[in-house]
Amino acid sequence: MLDKEFWNNTYLNNKTGWDVGYTVTPLKEYFDQLTNKSLRILIPGAGNAYEVEYLHKLGFSNVFLLDFAPAPIQKFLERNPNFPKDHIIEEDFFKHKDKYDLIIEHTFLTSFPKSIRMEYASKMYELLNKNGKFVALLFNHEFPQNHPPFGGTPEEYLKMFEPFFKIKYFETAYNSIKPRKDRELFIKLIKK
């Protein structure tokens with residue numbers, strides 16, 4: 001059920017309660033300290049892609065948006081008509097075949113049930129260059145519903161990522177937006 005049509009309709013019907021409409025503080029502050037503007041950066045499951053927009057406006061020249069739902073991509077292009085079209089990838093994440101220095105995760109993992117999360121972690125590993133970084137802002141708790149967004153626990157995330165990555169930072173975000181205070185983990189992982 002969680003296919004391209006489901007996600008496209010989710011965006012068309014504005015059923016995106018996780019979408020706050022801008023780049024959240026923990027990711028913004030991480031982006032602000034990056035100095036290499038030529039890093040190849042992927043933001044998969046980008047949705048309305050505020051992070052892509054923010055990085056592009058900071059002058060990062062190799063930022064790539066990946067989503068398989070056309071509706072949020074269209075909204076992004078309306079806001080950013082000069083964004084390089086060849087940096088927009090309308091494709092299933094699990095079928096993508098490129099390499100990146102940095103992958104940013106924000107609410108994408110919450111779209112996957114636990115049954116395929118190891119496959120997700122493996123795919124992140126596959127898409128990164130040697131010593132590539134995976135930086136994520138993740139909910140640190142479960143949600144009661146049986147549909148997206150799906151939450152998760154720190155223990156689950158460690159079990160999922162440790163086979164593929166060295167853990168560099170894995171802490172409760174100190175600078176979450178107010179509605180998410182103490183409810184998010186900020187993690188930075190390095191490909192093994």
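The values are calculated or read from the model by the stated rules, or taken from the named source; none is laboratory data. In this text the structure is predicted, and so the values were computed from the model without any measurement. Ideal geometry is used to build each Cβ from the backbone, glycine not excepted, and the neighbour counts take in all protein chains shown.
Quick notes
- Within the stretch 18-33, the set of residues being in contact (Cβ under 8 Å) with a residue 60 or more places away in the chain and out of contact with any Phe, Trp or Tyr (no Cβ under 7 Å at 6 or more places or on another chain) comprises W18, D19, V20, V24, T25, L27, E29, Y30.
- Within the stretch 79-107, residues that are more than 12 Å from A49 (Cα to Cα) reach partners that are in a strand (DSSP E or B) and among the small types (G, A, S) with beta carbons closer than 9 Å, at six or more positions or on different chains, in the pairs K99/G132; Y100/G132; D101/G132; L102/G132; I103/G132; I103/A136.
- Per the listing K178, K133, K168, the residue uniquely closer than 22 Å to E29 by Cβ, free of Cβ contacts under 8 Å to residues at least 12 places away in the same chain and not acidic (D, E) is K178.
- Selection count where residues are in contact with a Ser or Thr (Cβ under 9 Å, 6 or more places away or on another chain) and either acidic (D, E) or not in a loop (DSSP other than H, G, I, E, B) (or both), scope the stretch 4-27: 5
- Some residue of the stretch 162-174 being at pLDDT 95 or above, in a strand (DSSP E or B) and of a type in the set (K, R): yes
- Residue count, the stretch 21-37 (criterion: surrounded by fewer than 15 Cβ atoms within 10 Å (Cβ to Cβ) and under 14 Å from the mean Cα position of the chain (by Cα)): 1
- In the stretch 28-42, the qualifying residues are those that are of a type in the set (K, R) and assigned to a loop (DSSP other than H, G, I, E, B), and the one that is farthest from V63 (Cα to Cα) is K37.
- N48 falls short of the stated requirement of being farther than 28 Å from Y174 by Cα, at pLDDT below 95 and part of a loop (DSSP other than H, G, I, E, B).
- Of the strands (runs of 3 or more DSSP E) lying entirely inside the stretch 67-147, those carrying at least 1 residues that are of a type in the set (K, R), closer than 28 Å to N175 by Cα and modelled with pLDDT of 95 or more are 128-139.
- Here K15 fulfils each of the conditions (1) over 20 Å from F83 (Cβ atoms); (2) among the charged types (D, E, K, R); (3) surrounded by 13 or more Cβ atoms within 10 Å (Cβ to Cβ) apart from (3).
- The stretch 143-165: number of residues that are touching a residue at least 24 places away in the same chain (Cβ under 8 Å) and either of a type in the set (V, I, T) or surrounded by 14 or more Cβ atoms within 10 Å (Cβ to Cβ) (or both): 12
- Filtering the stretch 38-93 to residues that are surrounded by fewer than 16 Cβ atoms within 10 Å (Cβ to Cβ) and on the phi > 0 side of the Ramachandran plot leaves only G59.
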